[in-house]
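The values are calculated or read from the model by the stated rules, or taken from the named source; none is laboratory data. All values reported here derive from a predicted model rather than from experimental measurement. Cβ coordinates were reconstructed from backbone atoms using ideal geometry, including for glycine residues, and neighbour counts include every protein chain displayed. Heavy atoms of the whole protein, side chains included, go into the accessibility calculation; ligands, DNA and RNA do not. Shrake-Rupley method; radii C 1.70, N 1.55, O 1.52, S 1.80 Å.
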Amino acid sequence: MKGPISLSLLAHLLAVVHATATPSTLQACDTIDAALPGRVSRAGSIPYFKETRAYWSTALHSLRPACLVLPESADEVATVVGVLNQFPSVEFAVKSGGHDPNPGHATARDGILIATRKLSGATYDPATGLASVGPGGEFNDVMTDLEPHGVTIVGGRLGVVGVGGFVLQGGLSFLSAQHGLAADNVVGWETVMANGSVVNVDAAAHPELATAMKGGGSQFGIVTRFKIRTYPIGEVWGGYRIYDPSQATKIFEALHAFAATGAQDPKAAIIETNLILVTGLKSHLMYFFYDGPEPPSSGPFADFLKIPSLISTTKKQGYAKLLASNAVPTELLNERVSFRTYTIPFIPSFPGLYSTIWDKWHEFATTYLGNPLRITGQCSIDFQPFPSAIGAQSEAKGGNSMGLSGSDPDRFVLVMQCAWALAKDDALIYALSRDMTEWLAAQVPIWLAAANMTDTYNPLFMNDAQGDQNVTGSYRDYELFKQLQQEVDPNGLFSGRAGGFKY
């Protein structure tokens, strides 16, 4: 019985895809298949199944493309783009590691999905000190490839994060206070442009485009390889600790002190995560990093380490191993996922900011999590320190699309995350995160006015944003980059037919 049932299911899946995809899309799939034999997969094949399931959010699993392309070179990507230009009604998306949970960004329902999985890994050139890094796959692959050379790149803080989206959208790293964002350290982009040409973009030949591609997202071309500065790395100290909610006051006090003075030691970095579980139960998770084998024994970073924890994985270890182990708390996550972000300046005179925000998010989140039947659900809010040192590093490296500079204030990038099981709850989850950022938009100006800090620049952080947030519109040079995007994409291949944050 198993054979006939499997064949029947396969036939059903193929019929569903073909029934919803347009004739033009199916013809485009056939054209790519003819031009690139062996690179196209369709429903029912193992590559198709694996790639359409390889997303951080399970909500994306059902957004199946008409066909999937797995190119192995820039020229093959260029061939795909050439075919797409022949079929102007066909929608598509480009997928790296699948960490972005926004529907349509790395999914192409009934369209064509270009998956860059085979454009992955890293090689190191000791003569130039540069790494050649593919956009597909995860930072686990990249860090493991570079580790034998004793170097690393500014990359994800969890090894499971995908390379392409992280780098193109900015990329906040444990190393950012020392070296800037991931995007700041890219010196070359092998890029397939909207007209199908392959261009090696760099600051010398394409200064405006190079700046735009540092944190500007995916709207300027399909990057098939990055050239990225490397930095020496040895054993580091870090891991995560989980805390009882009774430690919240001590954690927030240490967080305020760290934001005020922590950037004086740029080797230290943290992520402070506040968890809300079913029935509103609270917990705290902190990621720690120190670029050295032992953490400091005094100062703001050391103050965190004095707070009693329930679980600790912090220790001396290799950098690649640390990033891989940091993903362990996420490995059991098999849910629908959302991100939403907000940027706030550090307010020295308001140490109660963190508990105020945390309490409000708890109020919103328990609208959903207060139901004891939602046992697998969870929400969190992260306080991610974004010291002014990052802006100084960015400016020294030529600047990026966010317009960061050495005169920036210390900031926090907030990210509200939720995980839930059922599609029927999507609207509720998205609404409560929007309610939270609307509340912040009303409250933050009041807090800043009270602190005489009314003239601050706080762009949204693309990596953590929800699809409806106007990230690029928050950039100070938005109009310049919008015009540039239209110049390199005059027919709207990326702006009109592909996913991602728009200009």
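Remarks
- Taken over the stretch 214-241, the criterion of being of a type in the set (Phe, Trp, Tyr) and over 23 Å from MET402 (Cβ atoms) is satisfied by TRP237, TYR240.
- The listed residues are GLY215, GLY234, GLY238, and the only one of them that is in a loop (DSSP other than H, G, I, E, B), buried (at least 23 other Cβ atoms within 10 Å of the Cβ) and small (Gly, Ala, Ser) turns out to be GLY215.
- Residues of the stretch 468-502 classified as open to solvent by 40 Å² or more (accessible area, probe 1.4 Å) and not charged (D, E, K, R), total: 9
- Looking only at residues in the stretch 253-286 that are under 13 Å from LEU369 (Cβ atoms) and open to solvent by 50 Å² or more (accessible area, probe 1.4 Å), the one that is nearest to the chain's Cα centre (by Cα) is LEU277.
- Leading residue by the ranking (surrounded by the most Cβ atoms within 10 Å (Cβ to Cβ)) among those in the stretch 218-231 that are among the hydroxyl-bearing types (Ser, Thr, Tyr) and either under 21 Å from ALA127 (Cβ atoms) or over 19 Å from the mean Cα position of the chain (by Cα) (or both): THR230
- Qualifying residue in the stretch 452-473 (condition: in a helix (DSSP H, G or I), free of Cβ contacts under 8 Å to residues at least 40 places away in the same chain and within 22 Å of the chain's Cα centre (by Cα)): yes
- Residue list for the stretch 29-50, filter: without any contact (Cβ under 8 Å) to a residue 24 or more places away in the chain and open to solvent by 30 Å² or more (accessible area, probe 1.4 Å): ASP30, ALA34, PRO37, GLY38, SER45, ILE46, PRO47, PHE49, LYS50
- Looking across the stretch 51-75 at every residue that is assigned to a loop (DSSP other than H, G, I, E, B) and under 16 Å from GLY196 (Cα atoms), the one that is most open to solvent (accessible area, probe 1.4 Å) is identified as GLU72.
- Counting only strands (runs of 3 or more DSSP E) wholly contained in the stretch 92-205, the ones carrying 1 or more residues that are surrounded by fewer than 24 Cβ atoms within 10 Å (Cβ to Cβ), touching an Asp or Glu at 6+ places or on another chain (Cβ under 9 Å) and aromatic (Phe, Trp, Tyr) occupy 122-125.
- Scanning the stretch 76-91 for residues that are closer than 12 Å to ARG39 by Cβ, within 27 Å of the chain's Cα centre (by Cα) and either hydrophobic (A, V, I, L, M, F, W, C) or surrounded by fewer than 20 Cβ atoms within 10 Å (Cβ to Cβ) (or both) yields VAL77, VAL80.
- Of the residues making up the stretch 241-252, those that are of a type in the set (A, V, I, L, M) and either in contact with a Pro (Cβ under 8 Å, 6 or more places away or on another chain) or open to solvent by less than 30 Å² (accessible area, probe 1.4 Å) (or both) are ALA248, ILE251.
- Within the stretch 402-423, tally of residues that are farther than 23 Å from THR454 by Cα and of a type outside the set (A, V, I, L, M): 3
- Checking PRO293, PRO345 one by one, the residue that is touching a Lys or Arg at 6+ places or on another chain (Cβ under 6 Å) and either over 24 Å from CYS379 (Cα atoms) or of a type in the set (Gly, Ala, Ser) (or both) is PRO293 and no other.
- Unmet requirement for THR456, which otherwise passes all of (1) touching a Lys or Arg at 6+ places or on another chain (Cβ under 9 Å); (2) at pLDDT below 95; (3) open to solvent by 50 Å² or more (accessible area, probe 1.4 Å): (3)
- GLY299 being over 27 Å from CYS379 (Cβ atoms), of a type in the set (Gly, Ala, Ser) and touching a helix residue (DSSP H, G or I) at 6+ places or on another chain (Cβ under 8 Å): yes
- Long-range neighbours under 6 Å by Cβ, at least six apart or interchain, first residue closer than 22 Å to GLY159 by Cβ within the stretch 280-305, second of a type in the set (Ser, Thr, Tyr) and exposed (fewer than 14 other Cβ atoms within 10 Å of the Cβ): none
- Matching residues, the stretch 394-411, being surrounded by fewer than 24 Cβ atoms within 10 Å (Cβ to Cβ) and outside any loop (DSSP other than H, G, I, E, B): GLU395, ALA396
- Output for the stretch 412-438, where each listed residue is among the hydroxyl-bearing types (Ser, Thr, Tyr) and either open to solvent by 30 Å² or more (accessible area, probe 1.4 Å) or farther than 22 Å from TYR478 by Cβ (or both): TYR430, SER433
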